[in-house]
Amino acid sequence: VQRDIDIAFVNELAIILPQMGLDVEEVLEAASSKWSFHRHAPGIGVGGHCIPVDPYYYIDASKKLGVPSLLGPVAREINEAMPHLSARTILRSIDGVAEARALILGFSYKPEVGDTRMTPVLQLATDMHRAGVEIVIWDPHVEPDEFPDWAVVVEDPYASKEVHIVVLTTAHSACLNLDWRKLLETCPTRNLFDGRRALDKRKMESMGWIYSGVGLPR
């Protein structure tokens, strides 16, 4: 529950600070200069078998005791909203593109594992799919039968020769260490959305990417 609340706070900052013209990552970096600051990372949402599930036991128990939790439900609301909010941001960046195609990098809920339980990537991809975007997914850690049947699953992230946005959703080292110049050749619109803020914005922009991400002002 505490982790859920902590993550919800930085996700809330990722929603509010861009409205002030501030990059959430720059604010968190500044806050990290204080020795007692405990940093969490904003992103497209949380997954796994514990954080999205276990807080509801606490929330339910508090209701039964007649002292309902105030923080628990709000944290869940914020974190569950992040895939939807991220999908809307991505869809705005490719608005007007006919027969848009998106390459999603990563499907598991956290780096370096193939665990897809409660992965927020599924909700984000579903929202985009329902909006008419063709979804192409690459995740070298996930077994083929774990992906939704409406997605195009590829073994080579460079295989799609025309995608309109690349979306980093899981910060696998395999994703972060891609040949981003080569990948740019597959994306004529040059749109990149960093759903984990795991990439170097300046480096990506110097290559020619139009970089956007969670908690970044437009």
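Applied to the stretch 19-26, the Karplus parametrisation 6.51 cos²θ - 1.76 cosθ + 1.60 on θ = phi - 60° returns per-residue 3J(HN,Hα) values of 5, 8, x, 10, 8, 4, 5, 5 Hz, with x for Gly and Pro.
Taking amide H positions as modeled 1.01 Å from N, with prolines and chain starts lacking one, the residues under 5 Å from CYS187 and 5 or more places away or on another chain are VAL163. In order along the stretch 115-128, phi translates into HN-Hα couplings of 6, 10, 4, 6, 5, x, 5, 4, 5, 4, 5, 5, 4, 5 Hz, rounded to whole numbers, per the Karplus curve 6.51 cos²θ - 1.76 cosθ + 1.60 with θ = phi - 60° and x for Gly and Pro. Among LEU91, LEU65, LEU122, the residue with the largest mean-square fluctuation in a Gaussian network model of the chain, with springs joining Cα atoms closer than 10 Å, is LEU65.
Of the residues ASP149, ASP194, the one with the largest accessible area comes first in the ranking ASP149, ASP194, computed with a 1.4 Å probe on protein heavy atoms.
Applied to the stretch 33-41, the Karplus parametrisation 6.51 cos²θ - 1.76 cosθ + 1.60 on θ = phi - 60° returns per-residue 3J(HN,Hα) values of 6, 8, 4, 8, 6, 10, 8, 10, 10 Hz, with x for Gly and Pro.
When the square roots of the Cα gyration tensor eigenvalues are ordered a ≥ b ≥ c, the ratio a/c for the stretch 107-218 is under 1.5, which makes its shape rounded.
Computed over protein heavy atoms with a 1.4 Å probe, the accessible surface of the stretch 1-137 works out to 54 Å² per residue.
When shorter helices are ignored and each DSSP H run of at least 4 residues is given -39500 (n - 2.57), the per-residue value for the chain at 222 nm works out to -11500 deg cm²/dmol.
Close amide H contacts of GLY213 (hydrogens built in the peptide plane, cut-off under 5 Å, sequence separation of 5 or more or a different chain): ASP194. Could you check which residue among LEU28, LEU85, LEU70 shows the biggest mean-square fluctuation in a GNM of the chain with a 10 Å Cα cutoff? The residue that fluctuates most here is LEU70. Over what distance in Å are the Cα centres of the stretch 126-155 and the stretch 38-105 separated? Using only Cα atoms to place each centre, the spacing works out to 20 Å. For the stretch 34-77, just say rounded, prolate or oblate: build the C-alpha gyration tensor, square-root its eigenvalues into a ≥ b ≥ c, call rounded for a/c under 1.5, and beyond that prolate if a/b exceeds b/c, oblate if not. Taking the square roots of the gyration eigenvalues as a ≥ b ≥ c, the stretch 34-77 is oblate. Rolling a 1.4 angstrom probe over the stretch 1-143 with all protein chains present gives an accessible area of which 57% lies on carbon and sulfur atoms. Given springs between every Cα pair under 10 Å in a Gaussian network model of the chain, which of GLY96, GLY66, GLY47 has the largest fluctuation? Maximum among the listed residues: GLY66. When the surface is traced with a 1.4 Å probe over the full set of protein chains, ASP156 keeps roughly 70 Å² accessible.
Note on LYS203: lysines with a C-alpha under 21 Å away, same-chain residues under 8 apart excluded, are LYS182.
The values are calculated or read from the model by the stated rules, or taken from the named source; none is laboratory data. Predicted model only: the values in this text are computed from it and were never measured. SASA here: full protein model, heavy atoms, side chains in, ligands and nucleic acids out. Shrake-Rupley method; radii C 1.70, N 1.55, O 1.52, S 1.80 Å.
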